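Colleague: Pasting a structure here, questions to come.
The values are calculated or read from the model by the stated rules, or taken from the named source; none is laboratory data. This is a predicted model, so every value here is computed, not measured. All Cβ positions, glycine included, derive from the backbone under ideal geometry; neighbour counts span all protein chains shown.
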Amino acid sequence: MAPRGQPPVFLHSKYFNDKVSMMGALTLSPRRGRLGFYCSTLPQESFDDWGTAWFLKQLLAHQRGKIIVVWDQGRIHRGSAVRALLAKHPRLEVVELPAYAPELNPVEFVWSYLKYGRIPNLGAKDVEALSDILELELDRLQENQSLLKKLWHRSELPWPDRLLAS
């Protein structure tokens with residue numbers, strides 16, 4: 001807290017390289033038409049094809065029936081670990097978005113909401129604190145059906161009516 005009339009001074013290192021990588025998936029229940037959001041955080045690391053395969057395994061464990069994965073053509077979605085998992089689990093079907101089309105990916109709007117709407121000026125003291133705050137925000141998001149629907153509709157990806165009709 002700064003003395004009255006003086007701006008606060010935040011000490012930081014200009015070489016702060018800590019980060020938290022995130023991978024997420026919006027899910028849609030064909031029976032109930034309910035959206036869900038699954039997410040994993042990875043402090044101090046980056047997701048690669050092995051991390052993507054691990055994340056998909058978690059989805060397989062939590063979701064019943066066929067899973068349609070809609071994603072871009074990023075390198076982490078095409079690696080050997082992902083290809084092996086897709087070959088082993090035929091209930092996973094992949095639909096690829098164009099090479100660079102974030103406006104079609106509803107998860108991109110989730111990341112924007114978190115980054116610019118919920119924690120735009122966050123000054124976490126370390127990567128553990130940042131990870132804890134992100135997980136709290138993600139828990140809140142998972143419970144907010146209205147917000148999840150708004151984030152989906154902000155994308156140009158059509159609402160999958162045919163899934164809800166089956």
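Colleague: On the basis of being in the same structural domain as Leu151 (by TED's automatic domain parsing) and either surrounded by 15 or more Cβ atoms within 10 Å (Cβ to Cβ) or assigned to a loop (DSSP other than H, G, I, E, B) (or both), does Glu137 make the cut?
Modeller: For Glu137, the condition - in the same structural domain as Leu151 (by TED's automatic domain parsing) and either surrounded by 15 or more Cβ atoms within 10 Å (Cβ to Cβ) or assigned to a loop (DSSP other than H, G, I, E, B) (or both) - is met.
Colleague: Next question. Taking the options Pro106, Pro102, name whichever one is in contact (Cβ under 8 Å) with a residue 40 or more places away in the chain and within 14 Å of the chain's Cα centre (by Cα).
Modeller: It is Pro106.
Colleague: Filter segment 110-166 down to the residues that are among the aromatic types (Phe, Trp, Tyr) and in contact (Cβ under 8 Å) with a residue 12 or more places away in the chain and list them by number.
Modeller: Correct list: Trp111, Tyr113, Trp152.
Colleague: A follow-up question, please. When you look at Arg64, is it more than 13 Å from the chain's Cα centre (by Cα), modelled with pLDDT of 85 or more and not in a helix (DSSP H, G or I), yes or no?
Modeller: Answer is yes for this residue.
Colleague: Would you confirm whether any residue within segment 16-26 is surrounded by fewer than 16 Cβ atoms within 10 Å (Cβ to Cβ), modelled with pLDDT of 85 or more and assigned to a loop (DSSP other than H, G, I, E, B)?
Modeller: Looking for residues that are surrounded by fewer than 16 Cβ atoms within 10 Å (Cβ to Cβ), modelled with pLDDT of 85 or more and assigned to a loop (DSSP other than H, G, I, E, B), one finds none in segment 16-26, hence no.
Colleague: Quick one: Gly33 ticks every box in (1) outside the structural domain of Glu143 (by TED's automatic domain parsing); (2) modelled with pLDDT of 85 or more; (3) surrounded by 12 or more Cβ atoms within 10 Å (Cβ to Cβ) except a single one, so which number is it?
Modeller: (2) is the only condition that Gly33 fails.
Colleague: Go through (1) assigned to a helix (DSSP H, G or I); (2) more than 19 Å from Glu156 (Cβ to Cβ); (3) out of contact with any helix residue (DSSP H, G or I) (no Cβ under 7 Å at 6 or more places or on another chain) for Glu103 and report which single condition fails.
Modeller: So Glu103 meets the others, but not (2).
Colleague: Answer yes if at least one residue in segment 68-81 is modelled with pLDDT of 85 or more, in contact with a helix residue (DSSP H, G or I) (Cβ under 8 Å, 6 or more places away or on another chain), farther than 25 Å from Tyr113 by Cα and not small (Gly, Ala, Ser), and no otherwise.
Modeller: Yes, segment 68-81 contains at least one residue that is modelled with pLDDT of 85 or more, in contact with a helix residue (DSSP H, G or I) (Cβ under 8 Å, 6 or more places away or on another chain), farther than 25 Å from Tyr113 by Cα and not small (Gly, Ala, Ser).
Colleague: Taking segment 140-158 as the search range and keeping residues that are at pLDDT below 85 and surrounded by fewer than 14 Cβ atoms within 10 Å (Cβ to Cβ), which one is farthest from Ala101 (Cα to Cα)?
Modeller: The extreme case among them is Pro158.
Colleague: In this structure, is Ala129 of a type in the set (A, V, I, L, M) and in a loop (DSSP other than H, G, I, E, B)?
Modeller: For Ala129, the condition - of a type in the set (A, V, I, L, M) and in a loop (DSSP other than H, G, I, E, B) - is not met.
Colleague: On to the next question. How many residues are free of Cβ contacts under 8 Å to residues at least 40 places away in the same chain, under 23 Å from Glu143 (Cα atoms) and of a type in the set (Gly, Ala, Ser) if we restrict to segment 31-73?
Modeller: Total meeting the criteria: 3.
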